[in-house]
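Please read the structure below before turning to the comments.
The values are calculated or read from the model by the stated rules, or taken from the named source; none is laboratory data. Just so we're clear, the structure is a prediction, and the values are computed from it rather than from any experiment. Heads up, the Cβs are rebuilt from the backbone with ideal geometry, glycines too, and the neighbour counts pull from every protein chain shown.
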Amino acid sequence: GQTVTLTGVADCFSGAPQYLPAYPDHISSAGGGSPVISNIVYNPADPEAGETVTVSATVSDDGSITTVDLIYNAGSGDVTTAMTPIGGDVYEGEIPGFADGTSVSFWVQATDNDGNTTTSAPQIYIVGQSDGLYSIQFIQENRDALLNQTVTVEATVTMGFGSLRSDRTSIYIQDDSGYGLNLYNAAALTDLVRGTRLRVTGTITEFNGVLEIEPQNPAQDIEILATGLPVEDLVEEVSIAQAKSARWDGALIRVKGTVIEVGTNIGGGSNILVRDFSGSIVVRIWDSAVEAGLFGENTGSPAEVIERIFQKDDFYQITGIGSVYNGEYQILTGYGEDVVNLTESLGDNIIFNVETLMPGQIPGNGLKDEPFAPDLGEMLHLTINCPTESRFTLMVYDLDGREVRNLTPGGNAAGGYYEISWNGTDDNRERLNIGIYLLYFEIRDSHGKVQTEIKPVVLGTPTD
């Protein structure tokens with residue numbers, strides 16, 4: 001959209017007219033380009049409570065600049081203040097002081113004489129953060145504003161060197177906020193194994209949608225604080241539907257489900273498709289993890305090792321890192337200890353029956369696989385019988401994988417005979433919307449082996 005003035009020779013090439021300026025000064029701008037904003041700096045870099053922050057920026061244009069504004073937000077909405085030219089193309093503005101812990105985001109907006117406006121990418125700082133230490137939760141929730149900024153975090157390695165790559169460092173770390181982050185460096189930092197507590201300073205970057213912290217000089221930017229720490233307390237157990245959320249991107253999560261497909265080895269790793277009551281997800285295991293012996297004895301090719309570990313239709317507990325690849329959620333697993341086969345027959349004396357009872361109807365005479373309408377006084381009647389040495393849970397989930405009701409007597413019941421009724425309410429005893437829900441029955445024996453069953457139920461309403 002920029003207008004230019006040309007001086008040169010008119011010509012024709014292949015039937016198309018063209019104009020040939022002979023020298024660079026034969027091309028001059030007549031305006032029309034947008035302002036260019038660069039070199040944004042704020043000072044002090046670590047403001048204390050009540051301290052004013054000065055922001056400077058270089059703003060240039062092929063015409064003239066009419067306004068340059070500094071816009072900031074400290075949690076109460078955007079505030080705009082004019083920036084003042086201080087010499088050349090440099091402009092300066094101020095952000096007032098705020099209390100400790102306040103998160104302040106800011107950006108610069110410039111408009112030229114042609115009405116073209118440019119807005120810079122946002123930046124962010126935390127008042128009173130003198131040590132420069134950020135929580136990973138804050139980084140994940142403000143990723144756009146923190147891109148290309150330098151931060152410091154303290155975290156524990158959850159997916160260590162070799163579990164994803166062996167030629168360079170691509171590992172995952174997680175702090176006490178429960179959020180995780182990829183740590184990347186072109187060097188092979190082999191001492192960064194699972195359970196290492198570290199303090200790292202690096203630049204926040206993004207690669208193919210993966211948020212990373214990249215230390216520029218590992219010898220100076222990474223300090224190992226402890227080794228051999230357990231990571232179990234960092235694990236969050238979720239349904240597969242819940243795992244498909246940006247909340248768990250980079251975090252250590254655990255799902256339970258049935259293997260429905262052991263895919264072929266592709267792109268340097270194997271994909272295993274796992275399904276639970278709420279949906280399915282790909283579990284990705286890189287060949288480098290198998291070759292490094294992280295899945296035990298690696299006799300045979302990585303694909304052969306994976307095929308021995310995963311059996312189609314068996315029920316597994318899988319721990320790994322929530323991730324996104326090509327817009328699809330997946331779980332990255334890098335250790336044999338994170339894959340547990342829970343399948344084992346618990347005997348034939350397990351009963352899990354579901355029937356709809358109308359008012360006054362005797363259990364055993366109800367309708368099976370039929371909708372029930374609580375507004376008509378109908379109830380869902382469940383009969384459970386399982387070995388006394390086992391324990392069971394009985395949950396109701398919606399189709400998005402959210403728990404809506406815990407029907408387990410006492411929250412985690414011992415084996416035995418039970419009759420349980422449900423009137424279509426949630427844990428707050430409020431009536432659920434009509435629709436399809438999933439009854440999830442899980443029984444676990446004294447050795448930790450698990451058997452599950454899922455039954456869909458339809459919550460209906462009376463019709464005329």
Of the criteria (1) crowded, with 22+ Cβ neighbours inside 10 Å; (2) farther than 23 Å from L181 by Cα; (3) not hydroxyl-bearing (S, T, Y), which one A251 fails: (2)
Output for the range 386-443, where each listed residue is assigned to a strand (DSSP E or B), buried (at least 16 other Cβ atoms within 10 Å of the Cβ) and among the polar types (S, T, N, Q): S390, T393
Candidate set from the range 286-317 (those that are within 20 Å of I173 (Cβ to Cβ) and not in a helix (DSSP H, G or I)); member that is modelled with the highest pLDDT: W286
Within the range 34-104, strands (runs of 3 or more DSSP E) holding 3 or more residues that are under 23 Å from L146 (Cβ atoms): 36-43, 53-60, 65-73, 78-82, 90-95
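Can you tell me which of A121, A145, A110, A155 is in a strand (DSSP E or B) and either within 20 Å of T203 (Cβ to Cβ) or among the charged types (D, E, K, R) (or both)?
On the way: A121 fails: in a strand (DSSP E or B); A145 fails: in a strand (DSSP E or B); A110 fails: either within 20 Å of T203 (Cβ to Cβ) or among the charged types (D, E, K, R) (or both).
The match here is A155.
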Hits in the range 133-181 (condition: charged (D, E, K, R) and either under 18 Å from I331 (Cβ atoms) or modelled with pLDDT under 90 (or both)): E141, R143, D144, R165, D167, R168
Members of the range 152-169 found to be crowded, with 22+ Cβ neighbours inside 10 Å and farther than 17 Å from A219 by Cβ, listed by number: V153, A155, T156, V157, T158, M159, G160, G162, S163, L164
Unique match (being at positive phi and either surrounded by fewer than 19 Cβ atoms within 10 Å (Cβ to Cβ) or assigned to a loop (DSSP other than H, G, I, E, B) (or both)) among G228, G263: G228
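Would you check if I260 is of a type in the set (V, I, T), closer than 14 Å to M159 by Cβ and touching a residue at least 40 places away in the same chain (Cβ under 8 Å)?
No: the conditions fail for I260.
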Long-range neighbours under 9 Å by Cβ, at least six apart or interchain, first residue touching a residue at least 24 places away in the same chain (Cβ under 8 Å) and part of a strand (DSSP E or B) within the range 193-214, second among the basic types (K, R) and surrounded by fewer than 17 Cβ atoms within 10 Å (Cβ to Cβ): I204/R143; E206/R143; L211/R143
